[in-house]
1. Being surrounded by 18 or more Cβ atoms within 10 Å (Cβ to Cβ) and touching an Asp or Glu at 6+ places or on another chain (Cβ under 8 Å) is the filter here, so list the residues in the range 442-457 that pass it.
2. Go through the range 120-140 and give me each residue that's assigned to a helix (DSSP H, G or I), in contact with a helix residue (DSSP H, G or I) (Cβ under 8 Å, 6 or more places away or on another chain) and of a type outside the set (K, R).
3. Please go through the range 207-243 and give me each residue that is surrounded by fewer than 18 Cβ atoms within 10 Å (Cβ to Cβ), under 22 Å from the mean Cα position of the chain (by Cα) and part of a strand (DSSP E or B), ordered by number.
4. Any residue in the range 225-246 that is on the phi > 0 side of the Ramachandran plot, outside the structural domain of V55 (by TED's automatic domain parsing) and modelled with pLDDT of 90 or more?
5. Kindly evaluate A350 against the criterion of being in contact with a Cys (Cβ under 7 Å, 6 or more places away or on another chain), of a type in the set (A, V, I, L, M) and closer than 25 Å to P441 by Cα.
6. Can you run down the residue pairs with Cβ atoms below 9 Å, 6 or more apart or on separate chains, where the first is in the range 474-486 and free of Cβ contacts under 8 Å to residues at least 60 places away in the same chain and the partner is hydroxyl-bearing (S, T, Y) and surrounded by fewer than 14 Cβ atoms within 10 Å (Cβ to Cβ)?
7. Which one of these does D367 not meet: (1) under 20 Å from S418 (Cα atoms); (2) in contact with a helix residue (DSSP H, G or I) (Cβ under 9 Å, 6 or more places away or on another chain)?
8. State all residues of the range 463-486 that are within 14 Å of Q514 (Cα to Cα), in contact with a Ser or Thr (Cβ under 8 Å, 6 or more places away or on another chain) and surrounded by 19 or more Cβ atoms within 10 Å (Cβ to Cβ); if no residue qualifies, say none.
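The values are calculated or read from the model by the stated rules, or taken from the named source; none is laboratory data. In this text the structure is predicted, and so the values were computed from the model without any measurement. Cβ placement follows ideal geometry from the backbone for every residue including glycine, while neighbour counts extend to all protein chains displayed.
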Amino acid sequence: MIQDRYSLAFRLYPYARSADQDATDPVRHPVVIMGGGPVGVALALDLGLQGIPVVVLDDHEGIGQGSRAICFSKRTLEICDRYGAAGPMLDKGIAWTLGKVFHDDRKVFEFNLLPEDGHRFPAFINLQQPWFEKFLIDRVRQAQAEGAPIALRGRNRVDAVAPRDDHVLLDITTPEGPYRIAADWLIGCDGASSPLRGMLGLGFVGEVFKDSFLIADIRMKADFPTERWFWFEPWFKSGASTLLHRQPDDIWRVDFQIGWDVDRAEELKEDNIRRRLDAMLGDGVGYDIVWSSIYTFQCRRMERFRHGRVLFAGDAAHQVSPFGARGANSGLQDVDNLGWKLGMVIRGRAPEALLDSYHEERAHGADENILHSTRATDFITPKTPISHVFRNAVLDLAERHAFARPLVNSGRLSVPCSYDGLSLTGVDGLGGPDRTRPGSPCPDAPLGDGFLLPRLGGDFVILAIDAEAPETMTQDGVTARRLAVSAAQDPSGALAARYLGAAPGAVYLIRPDQHVVARWAQYDETALRAALRRACAKE
């Protein structure tokens with residue numbers, strides 16, 4: 001019998017009656033979030049830590065069952081670290097950087113996702129989504145105790161929404177009956193099937209791929225290394241491709257590509273799952289099946305992520321195939337982008353036009369993810385006999401020749417996108433290095449006895465590296481603080497290599513989500529003020 005081991009602490013926000021249910025008129029809240037998954041809870045944490053009251057509505061009472069997302073990227077850990085939640089994730093998760101690609105019974109090549117030193121976090125950790133969610137909610141509880149105005153309401157199902165010019169009305173059903181509230185801003189974080197999207201009559205554009213993948217999470221003792229293993233046409237014949245990942249607590253994730261024309265109910269029977277696993281693992285290997293599911297590839301997104309006072313984030317806004325770990329990680333990047341912008345607008349420090357840049361930048365990110373995901377899907381699942389021959393020829397070449405290895409696509413692993421040339425991105429007055437050009441996310445680097453990114457925090461920052469700059473600069477009510485550092489604080493040279501290149505010094509303007517707005521070889525007050533206005537959509 002398939003066991004369920006993912007109900008740990010399931011009722012993390014059990015139903016409790018709120019004062020809103022006894023109010024005569026709808027109580028109005030600055031922000032209401034639909035969906036208590038990782039994206040919704042992370043956004044509530046982001047806003048609550050800014051002091052902005054936020055209510056999260058979910059039709060369940062806690063974390064969902066099944067491991068679902070398991071690969072969380074370095075960038076996601078850096079975001080969660082700003083929220084104070086990364087420590088337990090890192091402690092529980094399985095860190096990895098190495099991946100191996102196989103064809104039949106041969107290793108084609110291996111790759112290292114973080115070959116350089118000087119980063120606080122690993123390239124990825126493997127951690128079951130229920131644990132990831134639990135650690136976020138634990139941090140919410142801690143923040144609530146410290147005064148953060150965050151409310152998590154379980155078994156509060158939103159049945160209808162009515163957008164108005166300056167707010168949205170929500171009809172909610174609870175175990176004790178219905179009630180109504182109003183939201184200045186409503187954020188849809190309610191997943192791929194998004195009831196909110198359906199209520200507003202909004203859809204997706206994109207492609208659904210005709211293939212099926214069987215997921216099996218199994219508990220077993222094994223001495224496989226902590227690496228990502230991907231087989232094309234595996235010798236054990238359990239699927240057209242297979243993926244293996246290690247998770248905490250002796251859990252292993254196996255993905256089998258099983259084709260489109262399959263009987264899903266039949267494939268999900270325990271005997272049939274075991275038939276595939278036994279062929280892969282060999283006779284006599286003991287294991288328990290703890291969770292299983294079947295999914296299809298989808299590469300789609302909404303045409304717009306903002307609709308007046310309603311915005312969408314995570315799977316509610318965009319969907320990609322799981323290969324590449326782009327789903328949950330891109331959702332956390334949505335939160336990272338939206339949180340500071342919504343906070344600025346609510347506090348009156350930026351015009352509502354700043355929220356249009358949320359769609360501009362994160363749709364850009366979604367398109368990049370969809371492109372990579374679609375290319376991976378086309379490589380993993382060739383559509384014609386000729387493309388299948390080409391794919392296998394590339395694999396054969398890659399085994400012997402390094403030039404062919406970049407052509408092998410078993411899922412390009414998630415990296416944060418750069419907002420090159422978009423409306424909030426400013427000038428490049430430095431000219432190098434490329435990885436810290438305007439629009440890019442700041443890479444970490446050693447700094448004294450710690451690291452750079454925690455010192456940047458979640459503010460506008462003037463990063464002055466061996467250069468002069470004022471302690472603060474205020475422009476149109478927005479203040480940027482200075483972080484003055486020296487390349488000598490990093491004897492490894494990583495800080496200089498990533499931020500200076502050949503220049504003796506530099507001045508950067510960094511956004512609250514730690515993306516570079518603009519940079520210069522030296523302090524220029526006029527240029528910096530213009531860049532700060534631009535970053536707040538004020539020019």
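1. D444, A445, P446, L447, F451, L452, L453
2. Within the range 120-140, Q129, W131, F132, E133, F135, L136, I137, D138, V140 meet the criteria.
3. E207, V208 - these are the residues of the range 207-243 that are surrounded by fewer than 18 Cβ atoms within 10 Å (Cβ to Cβ), under 22 Å from the mean Cα position of the chain (by Cα) and part of a strand (DSSP E or B).
4. yes
5. yes
6. T479/T472; A480/T472; A480/T474; R481/T472; R482/T472
7. It fails just one condition, (2).
8. A480
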